[in-house]
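J.: Structure incoming, see below.
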Amino acid sequence: MLKYKVRTAFLTKSVLRYCDHCNFSVPDEYDKYRWLEDSDHVRFNVLNDLLLTIERGSGDKFFVFDMFRFLSVEWGDYFLGDLNDAETKAQRIVEYFEVYKSNYSNLNWSLTECATGVTLSNPISQMNHISKYEDLMLFYLARSSMLNCIDDNADVEVMMPFSRDYHIDIVNLSHGVGFDNRCASIFVHKTKEQVQNNERLIVSSSNCNIQTYEMMMAAAHCIPYELLDVNSLSFTIGVSPKTLQRQLKKDNLSLRLIVNNEKTNRAKKILRINDGNVKKTAYDCGYTNPSGLAKSLNRM
């Protein structure tokens with residue numbers, strides 16, 4: 001079974017739009033994500049690497065924090081569209097987790113339940129930028145799913161994995177943030193009625209609906225057009241071409257066909273965005289002239 005962590009491209013695209021709004025330039029290597037649909041997937045670490053680049057380039061450790069606060073409104077509008085009208089905050093966090101895990105990401109976030117509430121947690125607990133940004137992401141995505149009810153509500157408890165000094169740039173997330181926990185987590189209390197009735201909110205384990213093909217496409221989206229081939233895609237996944245093809249065969253998929261389809265579809269999409277300008281499309285695909293793009297497409 002293919003194991004490749006992905007998340008919705010919408011999050012990366014929203015960060016890029018925010019940078020454009022602030023006139024903050026990001027490296028050209030991230031331009032390829034602008035062409036994606038919001039519903040597409042990318043390697044999970046693309047967003048973390050982008051955030052690290054932004055934080056280092058801005059010279060302001062609060063830049064990312066301010067951005068997350070700003071984008072939480074946009075994220076809420078995007079994700080809340082898939083949520084039903086849950087009656088309580090605990091039900092809402094359960095529903096959010098089920099939707100996010102099913103359609104938007106296959107990250108190892110977990111949801112557990114006890115007699116008094118439910119806990120959404122991120123098991124990553126290393127002192128690096130991945131953990132730091134994932135903790136922020138966990139907080140703000142959950143925050144937006146509960147219509148900002150975290151900020152001043154005693155029904156919700158937020159815990160961060162390390163000391164206050166390490167999390168200095170996110171101390172002001174809310175007044176109720178705790179530190180030195182095993183992992184980042186959000187505990188949402190059940191209502192008195194739910195506790196008294198011993199109501200169970202997690203009916204069954206959430207299944208991830210992100211299939212092998214979508215994982216492959218997420219990896220392909222991270223490779224520049226002119227470099228995308230069987231070898232580069234296999235390298236990005238982390239296995240040899242033969243091993244990857246053997247795994248794909250179980251799902252009736254062809255590695256070479258996946259590469260060709262991605263290159264063709266990406267070129268067509270960029271050409272459409274460029275209003276049929278072949279020269280600009282060739283440049284956006286990494287070629288110095290249109291003939292290079294034409295030869296690439298003709299070889300498929």
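Throughout, read-outs are computed from the coordinates displayed, never taken from laboratory work. Keep in mind that this is a model prediction, so the values were computed, not measured. Cβ sites come from the backbone with ideal geometry, for glycine too, and all protein chains shown count toward neighbours.
J.: Pairs on different chains or at least eight residues apart, Cα atoms closer than 23 Å: how many lysine pairs in region 220-300 fit?
T.: Taking region 220-300 as the scope, the lysine pair count is 14.
J.: Something else about it: Non-local amide H neighbours of residue 177 (under 5 Å, H modeled in plane, Pro and chain starts lacking H): which ones?
T.: Residues meeting the criterion, in which the H sits 1.01 Å from N, do not exist here.
J.: Per the helix-only calculation at 222 nm, which mean residue ellipticity applies to the chain, given -39500 (n - 2.57) for every DSSP H run of n ≥ 4 and division by its residues, nearest 500 deg cm²/dmol?
T.: -14500 deg cm²/dmol
J.: Give the long-range amide H neighbours of residue 117: residues separated by 5 or more places, or on another chain, with amide H under 5 Å away, using H modelled in the peptide plane at 1.01 Å from N.
T.: 190
J.: For region 92-136 and region 233-300, what is the separation of their C-alpha centers, rounded to whole Å?
T.: Spelled out, the Cα-based centre of one part sits 33 Å from the other.
J.: Explain nothing, just compute: Karplus ³J(HN,Hα) = 6.51 cos²θ - 1.76 cosθ + 1.60, θ = phi - 60°, for every residue of region 81-88 in order, whole Hz, x for Gly and Pro.
T.: x, 9, 9, 7, 7, 5, 7, 10
J.: Taking Kirkwood radius over Cα pairs in Å straight from the coordinates, which label in (i) 19.3; (ii) 20.9; (iii) 24.8 is the correct one?
T.: It is the one labelled (ii).
J.: Right, here's the next one. Among 66-77, 269-280, how do they line up by average Cβ neighbours within 10 Å per residue, starting with the highest?
T.: With the highest mean Cβ count within 10 Å placed first, the list reads 66-77, 269-280.
J.: Counting alpha carbon pairs within less than 8 Å and at least 6 residues apart, what relative contact order, in whole percent, applies to region 6-196?
T.: Dividing the mean separation by the residue count of region 6-196 yields 21 percent.
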